[in-house]
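Working notes for the structure below.
Readers should treat all values here as calculations from the given coordinates under stated rules, not as data from a laboratory. For clarity, every value in this text was computed on a predicted model and none was experimentally measured. Cβ placement follows ideal geometry from the backbone for every residue including glycine, while neighbour counts extend to all protein chains displayed.
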Amino acid sequence: MSDRAGMVVAGLHSGSGKTLVTMALLQGLEKRGYAVRPFKCGPDFIDPRFHEWISGRTSVNLDPFFLAPEKIRVLYDRMTEGLSGGVAEGVMGFYDGLARKTSTYDVARTLDLPVLLVVFSKGMAETVASVVRGVQDHRPDARILGVIAAQTGSPRHGEILAAALEEEGLPPLVGTLARQEAFRLPERHLGLVDVRELEQSGQLARLSGQMERASSGWDWEKISSFFDKVRSNELSGPCDILVPGTQQRQNIAGRSFLRLGVAWDAAFRFYYPENWSELEKKGIEIVPFSPLEDAGLPEDLDGIYLGGGYPERFPEKLSENISFLESVRRFHADGRFVYAECGGMLYLTEGPLERPELRWAGLFPYRFRMTGRLRRLGYASAVPVLEEGWFSDPSPIRGHFFHYSELVPESSTVPLSPAFLVDGRPEGFRSGQAMGSYLHLYFPSSPPFLDEFVRRMQGGHFRLRRMSLS
């Protein structure tokens, strides 16, 4: 057994209440003097933003598909160094992904962390014991420390559940979250509604107060026994939320800094923090910009990175920001590097199919439409398409798909070179020095891709210098 501090929050299925319980843990531990790092198991961009809102610390993805077990341990230890430990919210049900070794159970076992099991208990009484028994016996090495019952109907309901677990000698009930409207987080097609929307409406502030009251009766003595007490004046770990442009540049001898613009606003929010960290290790300065609000791209950029998000929610505002769209088109025409993922790729199309009067960047001669159903979901291993002047290393890079939109080519579209091959099929596009796809890539999974990313930026940097000198 390791001496690693922290715990994993697992559920039986999606929508079981894991995010709320994780937020309540982060808030409650902080108020009791523990400085805790949030984590998210699996490839998720939305839940981590809720973790960050409640904790004030960057939430980091732990994904066995992207990283080998030893690298997951190194990442966890690095991000909890100097802190009290970590709280890692699971993905889907506890054992979902077991066949590929990508489940919440696999993350908990890799880190040798205890598990707090969230049970959606609406309409359930003594049956809770059989459920918990089944979860525990399915993998006896799962360290289930206790149970949080979500959606309880009354204090008496909680007492019945606690007695059922105790009678069977099972992990104890350490808390409940009552069934009330305040604990329902609104959802959109990609998951929970963006945290900034709920913050602006005041819903998150109200939720925070209600969660604090609801969790006041939890067994905090048992919960906190899995964390290290750290005095605030002894904190040495990174605490601030990682957003573009907030990290100090690392001074790398003999290398002039390249500047990478990163779209960061209500429309573009889906990024792996580790992508930025890896780019900064390469000597790249991250510079945030907003396609919604800014008049144009920041000056002296060597590349731009448009991540995923909700651009479909802002069709008019994005198209009306003409000066910014023109700056993106000029950037592309100057031969500088443009990289886009999912929603960022949609921004580089002509725009929404249902709104032909609106025009977006138009780097890719397609329009898109939202289909109302999930078009593609799951992990992927992508092989960059080898082509003169582009990739020369066929090493794959790992990522995931999660999108509800589809692309429709313009009538006169000339086929573009694909950016990647996934299972032998083309994925994404390249146009000039721009590349985009539906893939959300995890950069640390492929050092050769990172090197190529830097070379793309360097190429634009030197082309721009030549143009300025001529």
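Overall form of the range 6-234: rounded. Here a/c, set by the Cα gyration tensor axes a ≥ b ≥ c, is under 1.5. Relative to the Cα centre, the charge distribution of the range 6-234, modelled as +1 at Lys and Arg Cβ and -1 at Asp and Glu Cβ, gives a dipole magnitude of about 280 debye.
A simple packing score, the average count of other Cβ atoms within 10 Å per residue, orders the peptides 212-219, 438-445, 356-363 as 438-445, 356-363, 212-219, with the highest score first.
The local environment of LEU450, defined by Cβ-Cβ distances under 12 Å, has a net charge of -2 under the rule Lys, Arg +1 and Asp, Glu -1. Each other residue within a Cβ distance under 10 Å of ALA150 adds +1 if Lys or Arg and -1 if Asp or Glu, for a net charge of +3.
Does the chain come out rounded, prolate or oblate, given a ≥ b ≥ c as the square roots of the eigenvalues of its C-alpha gyration tensor, rounded meaning a/c under 1.5 and, failing that, prolate meaning a/b above b/c? Prolate, since a/c reaches 1.5 and a/b exceeds b/c. Bridge orientation summary for the range 258-469: considering DSSP beta bridges with both residues in this region, about 55 percent are antiparallel.
Seen from a random direction on average, the alpha-carbon convex hull of the range 327-470 projects onto 9.5 square nanometres. Pairs from the list LYS40/LYS229; LYS282/LYS317; LYS71/LYS229 with a Cα-Cα gap above 29 Å: LYS282/LYS317. Take the Cα of ARG213, go 7 Å toward its beta carbon, and the backbone nitrogen atoms of the range 29-44 under 20 Å from that spot belong to 29, 31-32. For the chain, the relative contact order works out to 12 percent when only alpha carbon pairs closer than 8 Å and six or more residues apart are counted. DSSP beta bridges confined to the chain are antiparallel in about 35 percent of cases. Taking the C-alpha atoms only, the angle from helix 18-31 to the longest principal axis of the chain is near 80 degrees.
Rounded to the nearest 20 debye, the dipole size of the chain about its Cα centre is 260 debye, using +1 on the Cβ of Lys and Arg and -1 on the Cβ of Asp and Glu. With contacts taken as Cα pairs under 8 Å at a separation of at least 6 residues, the range 349-470 carries a relative contact order of 21 percent.
Taking other residues whose beta carbon is less than 12 angstrom from the beta carbon of LEU306, and scoring Lys, Arg as +1 and Asp, Glu as -1, yields -1.
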